[in-house]
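First the structure, in the form of structure tokens, and then the observations on it.
What follows draws every value from the coordinates through simple rules; no lab data is involved. Given the structure is predicted, the values throughout are model-derived calculations rather than measurements. Cβ atoms come from the backbone with ideal geometry, glycine included; neighbour counts cover every protein chain shown.
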Ligand code: PGA
């Protein structure tokens with residue numbers, strides 16, 4: 001069976017010094033990942049080396065929040081997969097709704113990024129999710145399946161088996177409003193069935209599909225106990241060591 005992935009998306013929070021402080025607090029509580037649970041933190045790129053040194057000797061993995069799909073060149077402000085590979089970071093968040101909303105990320109650029117990330121043996125965490133308006137118009141199934149179709153366009157089943165998908169309903173991100181466990185399970189199952197149709201059962205069984213959108217210690221158990229919810233992409237609650245480690249404990253309990 002799949003491992004849980006408990007991943008923190010720190011967004012634009014924590015420079016190198018405050019990263020060290022947060023991770024020193026976290027590693028006071030957790031150093032070994034519980035059986036069948038993976039722990040990941042994704043700080044801003046400037047803090048990645050600080051994060052890696054703070055988690056050295058623990059099972060906590062480090063990822064980044066964005067990369068270019070180009071190798072190098074005149075692209076002020078961007079970072080490349082090659083730069084990520086010079087560190088020990090493992091995962092890259094792609095297509096987050098904030099990138100789609102504020103930085104011109106489209107389904108086509110998500111696809112280019114996913115290909116580049118996989119080519120360089122990093123793990124993409126592909127974010128998909130509908131807006132409130134789309135859900136109210138009952139378009140959420142179609143929207144999410146289209147985002148996934150575009151993100152995985154041109155990939156072989158083998159490659160698809162190493163992606164992570166994050167279902168993040170836009171209306172639940174940073175709002176304190178969470179999808180109900182039934183809503184989350186319904187969407188995760190839809191995604192898994194779609195992967196099975198296109199890439200086969202084996203692939204669909206192996207892909208981690210995590211939930212994101214106001215996951216907190218108090219609602220983690222009901223979300224993580226759903227059959228097709230394999231973890232969380234956690235924003236706000238990952239910025240405090242105690243709330244993040246509480247969610248890790250919930251995953252540990254359910255995995256055990
Ligand atoms: P949130 O963010 O937990 O603060 O809602 C989740 C995300 O955007 O990945």
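What Rg and what Dmax come out for the stretch 193-239 when only alpha-carbon atoms are used, in angstroms?
Answer for the stretch 193-239, Rg first and Dmax second: 12.8, 37 Å.
Taking 0.36 nm per intervening residue step and subtracting the Cα-Cα distance, what contour gain separates residue 75 from residue 28 on full extension?
13.0 nm
Take the chain, compute every pairwise Cα distance, and split them into 10 Å bins from 0; I just need the percent in each bin.
All Cα pairs considered, the percentages come to 7, 33, 39, 19, 2.
Just subtract the alpha-carbon distance of residue 132 and residue 120 from 0.36 nm times their residue separation and send over the number in nm, one decimal.
Length difference between fully extended and current span is 0.8 nm.
For the stretch 132-256, divide the Cα radius of gyration by the Kirkwood radius and give the resulting Rg/Rh value with two decimals.
Rg divided by Rh gives 0.97.
Which value in Å does the Kirkwood hydrodynamic radius of the stretch 20-94 take, with 1/r averaged over all unlike C-alpha pairs and then inverted?
13.2 Å
Rounded to the nearest 0.05, what FRET efficiency do residue 1 and residue 246 give with R0 = 22 Å and r taken as the Cβ-Cβ distance? Could you check?
So the FRET efficiency works out to roughly 0.45.
To the nearest 500 deg cm²/dmol, what mean residue ellipticity at 222 nm is calculated for the chain from DSSP H runs of n ≥ 4 alone, each contributing -39,500 (n - 2.57), summed and divided by the residues?
So the helix-based figure for the chain works out to -13000 deg cm²/dmol.
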